[in-house]
Every structure is written in C-alpha cells, then in structure tokens.
1. Loop only per DSSP, at most 16 neighbouring Cβ atoms within 10 Å: give me the GluC sites (Glu not before Pro) in region 445-543, ordered by residue number.
2. At 0.36 nm per residue, minus the direct Cα-Cα distance, what do ALA500 and ARG293 gain on full extension? Give it in nm, one decimal, please.
3. Would you order MET487, MET437, MET463 from fewest to most other beta-carbon atoms within 10 Å of each residue's own beta-carbon?
4. GLN396 to HIS253: FRET efficiency via 1/(1 + (r/R0)^6), r the Cβ-Cβ distance, R0 22 Å, to the nearest 0.05?
5. Across region 507-519, in residue order, what do the Karplus-derived ³J(HN,Hα) couplings come to in whole Hz, using 6.51 cos²θ - 1.76 cosθ + 1.60 with θ = phi - 60° and x for Gly and Pro?
6. Amide H to amide H under 5 Å from SER171: which residues, 5+ apart in sequence or cross-chain, H placed 1.01 Å off N in plane?
7. Above 18 angstrom, tally the Cα pairs of region 421-517 and express them as a % of all pairs, no decimals.
8. In nm, give the distance between the simple-model label positions of ASP362 and SER238, each being 7 Å from the Cα along the Cα-to-Cβ direction.
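FYI, it's all coordinate maths here, none of it is from the lab. Every value quoted in this text rests on a predicted model; they were computed, and no experiment measured them. Every residue, glycine as well, gets a Cβ built from its backbone with ideal geometry; the counts of neighbours run over all protein chains shown.
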Amino acid sequence: MLSTMQPEDRRFDSRGGLMIGLAALGAVLAPLGAGGQQQTQQQTPAQQQPQRPAAPPVVQRPAGNTQARPGTNGTINNVPATQNNALQNLLRGGTNNNTGTTNQQRPAINNLGTLLPNKAPNPGANNTAAANQRPAVGKNGGAQPPHKNVPPQPNNQPPVAKQPPGPAVPSRTFIGHPAPPGTTEKPNRNGDIVRTTADGTVIDQYSPRNGTLIHHGLNGDRRVVVERPDHTRIVAASRGVQYVQHPYNVGGHTYLNRTFYVNGKLTSQHYRPYTYGGTTYDVYAPSRYYEPRFYDWATSRQSTPQVKSLPNTAGNQPWLAYYKGVFTPEASYTSPAVWMADFLFATSLATHYQNNPPAASDAPPADPSAGITPQVKQGVADEMTRQIKLESKEAQHKDPDPAAASVVTEIRSDRATHDFVANSDLDLVDPSGRRCMLSDGDVIEVSGGTPQPESSTVSAIVMYSKGGLECGRSAQVEVALTDLQEMQNHMRETADQAMAQTTAAKEVASSVPAFAASAPPADADAPQELAKEQQLAALADNN
C-alpha cells in the first residue's frame, strides 16, 4: 500500500501552486462540510436493535385430513376414534407392564404391612427428608429459574457437528416430535419422507405406502414402527422395549392387547384408546382391581417404618453398584408410595443398564447432588399417590372411561406439578437447539393446567438425567403428549406390579374386569414379526 501511495504523493508535491490553492480552498469549505455532516446525522433515525425471531407457529392438522400420518396415534385419521392407533407415541417405544429385566420371575418382596396397622395422618407423605420446593415449571409450561436445591447438571454434553443454533423445527409429518435447527424433510425416490439434520444425519424415514416408520436414535438405536390396515401395530427396536399390539372388542368397546417380547419371554398388557385434539392415546387398563380399603392403605402413611426390598437388588447387582452414586433406596418406609417410587427407579435403572451396558472404561456417576435427590424422589412418590387414587376411582365402575384416566385429563385438571419417569429412549431438543435424549429412569416435571387442545406437546423441566448425550438437568424440553401418556402408563403398571406382591393385596377382595378376562392370549408369533421388521429396516437403511 505504501509503495503505491508514495509516488502519487510526490506527483502532487511537484505541483506546488496547485497544492497551495487546494489547501486554501479546503480550509474555507471545512466548516461547511462539518455542518452538513452534523445535519445529516441528526436527520438519520436511530438504528433499531435486531428483533428476536418469532417462534415457529404450532403446526395444526387440518380438519378432515385423511392422509396416513406417523405423528398421531392412528394409522389413518378417518377410522373410528376407538380404533385410531398411534405412530406418534412409537418414536419412544412403548411401555412394558413388567419393567424388570426378568419379567416372568418377580423377586421376593418383603411385606410392607397389612391393612390393619395404625395409620398416621398426611396421606402420601414419606419418611425421607424431602423438601417441598423443586425446580418449577412456570405458567403454561414455561420454565422458571431452577431452584437452588437442584443444581444444574455439569455441561458435559458432546456438541452436535455442524448444527446451527436456533429453535427446534416442528414437523408436519412427525407431529409432536420437533427436530434440531437446520433439519429438513424431503421425499426420496421411493416416495418416503426422510428427515435429515443439518450435518446430514437421517433421523426418520416414513413410508406412506406401507405405514412403516424407521427412527434412528441419538444413541444409535434403530426403532421400527409399523401400522397395518387392520390396526395391528409392531414396534421393533434394536434395544429396549418391543411389542406387537392388536385391537379387540368387548361389550361394544375397543381395547388394545400388547404382547411384549423381553429377554426371550412374552407378556401382555391391556390399554384403552382415547382421542384428544385429533390424536389417539393408549391409556393403561388395569387387569385387576381391589376393594377401596386397599387403595386407602396404599396412599396413607404408616406409623411404623418397615424394611422393604426392591426388585433386582438381591446380591451384587452390577446396575446397583454402577448407580450407587445417584440412587439410594430407603432403609425403611412408612409410605407405600415412596416404596413404589423406589420400586419404579430400581426397575427403570436396571432396565437401562441392561440395554446400555457401560464400557469398562466408563466411570460410574458419583455425584449425589446430580442424582435422584430426596426432592426428586418425593415428587415421583406424590405422582404415584395420584395414580393409585385414580385407579381407586376406576375400580368403582365396571366400564371406566379412558378419558378420565388419561394423562391429558390429569394435567389439565389441576395446577399442581407432575413428575414422571421416562420408560424408554426419547429424542428431544434442548433450548439451545441441541439434539438430546432421555432414557429409562430419567425424571421430568410438567406443570398442571396444560396443554391446549391444539397442542401435541407439553413443556417439561428435566429433573434428573444421566449426562452425556442426555438433556441437561433443569433444561426445558417439549415432550410429545403420547410419550407422556406412556410414562403415566409405565408408572401405573409398575405400581400394580408392586402392590400385587404385598400382604395387604392378599388380604382383600379383588376382581378381574371383563375386558381383561376376555382378552386374547399373548401373540405367539410376536418374536418372528419383530425379527422380520428389523430385517426389512436394515435393508431399507442400505438402499
């Protein structure tokens, strides 16, 4: 730059007279130029601050749309509501009523007590030093600042390659399951809808031709969901819960019979379809009801603490040793609900450990402050109490209404906070736009009074997670209502499993409802059906 300017300066210097004249003229015009510049600046409006981009609108399904979609609990939207089964809730894989790692062989459980011991007041309370304050969810699900008793989880999540920042991207195909910023949805040469992240990762592929959805989880899991014209549903996963579901009718009502295939064994559970906001939810239907005084016992505090064992804790269990830094069972219990909360954590964490065995180099979590705190456990116990009281009301009717037992009705009917435990792998998006996940044993909290009828998701706060790829503690995430329904199902199923093993349950009368007595047996062809769908999915991935 200097070599160019210096010769030009010398040329002007050779024109002495001209330079002197120009200098004088410049001195005369300088004040005028300054004044003109000042006037121009005064007339220029102040620059506005950049506006934050508006949040993307909530995608609503047009009325009368009969296109097959994987974002709802039905294969085809124009079938009767009672037969409209979901694909939206299948991205996370379903619920097993026998959530332990050995479903058919239940561990011996000590008796928590009979119906006759003296009861102390305060139903639902427990014997832990639980505080009432937990990280709150604000009005309409908005997050409030985390409470000081729940410290944020360490920021050790791995970054997502080439992922732009920004809000989550809603989907018109995979309704209720937003994707990270930069995600696109395009049809491929076969007419399948393919959802791809900004770094080129394929996370979903849906075929409208045969109702097949293939989801690739953040942890490498592949989950295949098939909805057939006869409303049979197949959920085949490379790890975790797998099942085949068939509808059946009793007394003019439609019920759903799921056959789970876990550890080489078949078990079954029943559900009732319920439609809300154009989406059908599968609501847990208990296979046995007890008389009212049993439910009173299960939701009351006992005056004498009792020692209780938990499933999958006898001997040197590797999962318990691995999670000893974050999960500590109570030494004794005065509340059945707190025992059932520990029962739920024990089955969930044992299942997660079995499905995701840590490598030898993986250090076990050891920070109790980042684990399942007494406050978190109390929140789950409180929710467990609500679910048991809900079942008590159902037991008084021969044909209970599934709408009354659904998670949507529950969280819309009050202003309380509701804590749920994840029962499978869920892919979510955190506030920074990072793709993250939840897994078995993680805890989220939802504020009552939500959601709106047109919404397919609900805002939740992560109360406990395991770190790594998982959503950080205190993060606000959007959870599909169908996934939340499966969490409620999982909680009720586990509570029934626990209650059935108590002495109190054997001392009262119980009955099997007609829909359970008339249910078909477990599908013996389920293992072959699941293996077939996994093979087809592998071929689709290679094409």
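1. On the way: sites: GLU445, GLU454, GLU470, GLU478, GLU486, GLU493, GLU507, GLU529, GLU533; in loops: GLU454, GLU507.
Within region 445-543, the qualifying GluC sites (Glu not before Pro) (loop, at most 16 other Cβ atoms within 10 Å) are GLU454, GLU507.
2. Details: separation 207, 0.36 × 207 = 74.52 nm, distance 1.46 nm.
The span from ALA500 to ARG293 would gain 73.1 nm if fully extended.
3. Values: MET487 28, MET437 22, MET463 25.
Fewest to most other Cβ atoms nearby, the residues stand as MET437, MET463, MET487.
4. Numbers: r = 18 Å, r/R0 = 0.81.
With R0 = 22 Å, the Cβ-Cβ based efficiency is 0.80.
5. 9, 10, 6, 9, 9, 9, x, 4, 5, 7, 5, 9, 5
6. The answer is GLY176, HIS177.
7. Result for the distance tail: 55 percent.
8. Label-label distance for ASP362 and SER238, simple model: 1.5 nm.
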